[in-house]
Amino acid sequence: MSENQKTVYGPVHSWRFGSSLGLDPIFEISTCSFNCIYCQLGNIQKITTERKIYVPTEKVITDFKEFLDKPFEVITFSGSGEPTLALNLKEIAEQIKILKPQIPLLCLTNSTLLHLPEVQENLQIMDRVIVKLDASNNKTLQQMNRPADGVSLESIIAGIKAFKAVYKGKLDVQMMFMPVNLNQLEDLAILLKEIQPDTVQLNTPLRPYPIEWNRDSRGNHTENRSYTTRTLKVVTKEEAETIQNTLRERTNLNILSVYRE
């Protein structure tokens, strides 16, 4: 376990958004409604859809104030699990907005709770929401994302569509590609056309998988790691280019790739 006791981390370099300050509304242990085989947190300690206050708002704001003088371009809610599990997500975001009104707020979500009206309402304060979509069928969802009981691809897609219908900010889809879902481009293109996001972000697990959870793994894009990891199978730059071109041709959407750097 890391000695890091801060709910705020970074700033880290995001290939998508530049210099990003991370906010962690989960914090104590890794807690998520997914247990993705590629997760930067490693094997999730608590797989759940339970929404509650995981860390007090006051703790996050106190930690955030220590970073006020640091340069960063965006503030991203992510951290130790699925941020929409936090009942005080909106409350935290509102207070952050007061302290840094000029900095865009982003939220990375796995989309599993977007069908809930209260979650949709909580996310309205975000300038950009990035939803996850890795699978075009439930078999692959179970293989890659290993969701909590009761979560299905159908509920995820319905939630994304319901949220997009009421959300006024920018909605992006992030997709993780590994050998297990490379054969699903046509079906994924159909889903993307239904969702019509502002941007599609193509990723592959270039960061290794932690053997066990360590708080220092949050947003760690460097080679400097105090924890043990193992390398995962990724798609090559050439494969990523094929994916990008195929999805762009099928959807006419703005498609970005992690390999663009």
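All of the numbers you see were taken from the coordinates with simple rules; none came from a lab. What you see is a predicted model; the values in this text were computed from it and never measured. We place every Cβ from the backbone using ideal geometry, glycine too, and count neighbours over all the protein chains shown.
Details
- Taking 0.36 nm per residue of separation and subtracting the Cα-Cα distance, full extension of the segment from Lys237 to Lys193 would add 13.4 nm.
- Put in order of Cβ neighbour count within 10 Å, fewest first, the listed residues Val129, Val12 become Val12, Val129.
- Cysteines having no other Cys beta carbon under 4.7 Å from their own, within the chain: Cys32, Cys107
- Calculated [θ] (222 nm, deg cm²/dmol) that DSSP helices of n ≥ 4 give over the chain, each run adding -39,500 (n - 2.57): -8500 deg cm²/dmol
- Other residues within the sphere of radius under 11 Å centred on the Cβ of Met175, judged by their own Cβ, net out at -1 (K and R +1, D and E -1).
- Put simply, the amide H of Phe177, placed in the peptide plane, has neighbours under 5 Å in Asn203, Thr204, leaving out anything fewer than 5 places away on its chain.
- Rounded to the nearest 10 degrees, the inclination of helix 185-195 to the longest alpha-carbon principal axis of the chain is 60 degrees.
- Comparing Gly159, Gln102, Gln201 along the charge dipole axis of the stretch 88-230, the residue lying farthest to the positive side is Gln102, per the Cβ-charge model.
- Over every Cα atom in the chain, the radius of gyration and the widest Cα-Cα span, Dmax, amount to 17.2, 48 Å.
- Linear extension gain, Ser155 paired with Gln124, 0.36 nm per residue minus alpha-carbon span: 9.1 nm
- Residue-span extension gain [Arg230 to Asn254] - 0.36 nm each, minus C-alpha spacing: 5.4 nm
- The stretch 99-149-the stretch 73-93 distance, computed between alpha-carbon centres (Å): 11 Å
- Percentage relative contact order, the chain, counting C-alpha pairs under 8 Å, at least six apart: 21 percent
- Angle in degrees between helix 89-99 and the longest Cα principal axis of the chain, rounded to the nearest 10: 60 degrees
- Angle in degrees between helix 237-251 and the longest Cα principal axis of the chain, rounded to the nearest 10: 80 degrees
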